[in-house]
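The values are calculated or read from the model by the stated rules, or taken from the named source; none is laboratory data. All values reported here derive from a predicted model rather than from experimental measurement. Here the Cβ positions follow ideal geometry from the backbone for every residue, glycine too, while neighbour counts run over all protein chains shown. Accessible surface areas use protein heavy atoms only, side chains included; no ligands, DNA or RNA. Shrake-Rupley method; radii C 1.70, N 1.55, O 1.52, S 1.80 Å.
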Amino acid sequence: MVDQIEALKAIGVSEVVLAINYQPEVDEPSKYGVVVMEQSTGKVEKFVEKPKLFFGNKINAGIYLLNLSVLDRIELRPTSIEKEVFPKIAIKNKLYAMVLPGFWMDIGQPRDYITGLRLYLDSLRKNSPSKLANGPHIVGNVIVDETAKIGEGCLIGPDVAIGPGCVTESGVRLSRCTVMRGVCIKKRACISSNIIGWHSTVGQ
């Protein structure tokens with residue numbers, strides 16, 4: 001990505017660089033900002049936030065490199081930079097984009113986050129399996145912070161992430177979930193397809 005940014009600087013990009021993602025099979029591009037760009041230069045010809053009509057599969061990944069001058073374009077009121085600022089910069093031919101390599105997905109909704117977790121853990125299994133937990137109480141792909149404590153008789157997985165300082169008491173069953181920092185899960189609790197927020201307590 002650094003090389004791509006330097007290449008854009010070399011051709012005089014002065015305003016905004018968007019990081020975008022190409023999703024040839026994205027189901028609803030209307031959920032995202034859609035970009036039409038020149039493939040060779042990265043110059044954005046058109047940027048439309050959440051379009052009603054389909055016109056492309058290159059979608060805004062939500063990562064921006066902004067020149068400070070862009071801040072002068074934002075009025076002192078609630079403003080959508082995607083709806084109000086980027087389209088105007090695109091018209092002036094000062095909006096550029098680069099395509100991110102690899103996989104990308106939106107995890108703004110809880111169910112999408114759980115799906116993203118599964119895909120991330122699948123990636124670890126293929127590329128960095130040493131980062132995954134193992135043992136008789138682990139089923140499938142699971143990642144456990146080194147400061148977390150797992151009680152006796154637990155069954156963890158598949159597709160579980162356990163954060164720092166968590167305590168999972170004996171007999172707990174976890175699957176398809178994220179347990180965030182400082183959570184305490186009491187004895188024999190069963191949790192599936194959930195995101196447990198920081199410092200929560202589950203069970204009695």
remark   = Sorted by chain and then number, the residues having a modelled amide H within less than 5 Å of the amide H of Val202, at least 5 places away or on another chain, are Cys184, Ile185, Lys186
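For region 86-134, rounded, prolate or oblate, judged on the Cα gyration tensor with a ≥ b ≥ c (square roots of eigenvalues), a/c < 1.5 rounded, else prolate if a/b > b/c? All intermediate terms of the calculation are to be shown ahead of the outcome.
Details: a/c = 5.87, a/b = 2.32, b/c = 2.54.
The shape class here is oblate.
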request  = Could you provide, to the nearest whole Å², the per residue accessible area of region 47-180 with probe 1.4 Å?
outcome  = 58
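Carbon and sulfur together cover what percent of the accessible area of region 37-146 at a 1.4 Å probe radius? All intermediate terms of the calculation are to be shown ahead of the outcome.
Details: 3930 of 7210 Å².
In region 37-146, the share of accessible area belonging to carbon and sulfur is 54 percent.
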ask   = Whose amide H sits under 5 Å from the amide H of Lys46, counting only residues 5 or more places off or on another chain, with H placed in the peptide plane?
value = Val36
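Add +1 for every Lys or Arg and -1 for every Asp or Glu among the other residues with Cβ under 12 Å from the Cβ of Asp145, and state the total. If you can, show how the numbers build up before the last one.
Values: positive: Lys131, Lys149, Arg181; negative: Glu146.
Once all neighbours under 12 Å are counted, the net charge is +2.
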ask   = How far is it, in nm, from the label point at Glu49 to the one at Arg111 when both lie 7 Å from their Cα along the line to the Cβ?
value = 2.6
message = At R0 = 30 Å, how high is the FRET efficiency between Lys186 and Ile63 if r is their beta carbon distance? Nearest 0.05 is fine.
response = 0.15
request  = With r as the distance between the Cβ atoms of Thr41 and Arg73 and R0 = 22 Å, compute the FRET efficiency 1/(1 + (r/R0)^6) and round to 0.05.
outcome  = 0.50
